[in-house]
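Trainee: Quick one: this structure, given as structure tokens, is what I'll be asking you about.
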Amino acid sequence: MSDDKALQQKYMELQTLNQQIQQLHQQSQVLGQQRTELLTLSQSLDELDKIKSKSKIYAPLGGGLYVEGIITETKKVLTNVGAGVVVPKTIEETKQIIEEQIDDLQNVIEQVENKVQEFMKKTQELHKEMMALSEKLPKKS
């Protein structure tokens with residue numbers, strides 16, 4: 001393969017790697033936001049444990065809409081365990097589930113970050129290879 005074609009191929013590889021790095025950065029941001037939401041949820045459960053029964057709350061419906069309600073239970077919450085199944089669990093049981101989800105997310109975030117580092121290293125290698133190839137090309141006057 002000619003040096004010119006090899007350089008073009010390396011450039012295409014570099015472009016592909018840069019796109020993958022961008023996608024991984026976006027994925028990492030989404031995962032980080034999910035982790036933050038879970039941490040906030042865990043803190044909210046701590047607060048719920050301190051609230052007195054019969055306290056007034058505003059429960060979010062979504063889209064900025066809320067409904068007024070009364071807390072009747074402060075020691076258990078209804079927890080979605082998957083497939084649309086909701087079961088009552090203690091706050092501690094629910095916090096344990098959330099902690100496991102946070103740990104799982106953290107592991108995935110670390111995997112994504114490791115992949116980013118791997119791709120960044122490959123881009124540096126490609127840059128070096130491209131520089132070496134471009135030096136071999138005939139100079140244009």
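The values are calculated or read from the model by the stated rules, or taken from the named source; none is laboratory data. Just so it is clear, the model here is predicted, and its values are computed rather than measured. Note that we place each Cβ from the backbone using ideal geometry, even for glycine, and neighbour counts take in every protein chain shown.
Trainee: Within the group T36, T74, which residue is assigned to a helix (DSSP H, G or I) and β-branched (V, I, T)?
Mentor: One residue alone meets the criteria, T36.
Trainee: Right, here's the next one. Could you grab the pairs with beta carbons closer than 9 Å, sequence gap of 6+ or different chains, first residue in segment 5-16 and farther than 20 Å from V116 by Cβ, second one not in a helix (DSSP H, G or I)?
Mentor: What qualifies is L7/L137; Q9/M1.
Trainee: Kindly indicate which of E110, E73, E47 is surrounded by fewer than 14 Cβ atoms within 10 Å (Cβ to Cβ), modelled with pLDDT of 95 or more, farther than 30 Å from K5 by Cβ and not hydrophobic (A, V, I, L, M, F, W, C).
Mentor: From the options E110, E73, E47, the qualifying one is E110.
Trainee: If you don't mind, another one. Could you list all residues from segment 43-71 that are outside any strand (DSSP E or B), more than 18 Å from T94 (Cα to Cα) and of a type outside the set (K, R)?
Mentor: S53, S55, G63, G64
Trainee: Same structure again: On the basis of being surrounded by 12 or more Cβ atoms within 10 Å (Cβ to Cβ), more than 25 Å from the chain's Cα centre (by Cα) and either at negative phi or of a type in the set (A, V, I, L, M) (or both), does A59 make the cut?
Mentor: So A59 fails the test.
Trainee: Among all residue pairs at least 6 apart or on different chains, which show Cβ distances below 6 Å where the first residue, located in segment 113-141, is over 14 Å from I21 (Cβ atoms) and the second is of a type in the set (G, A, S)?
Mentor: That search, which allows pairs on different chains as well, returns L133/A6.
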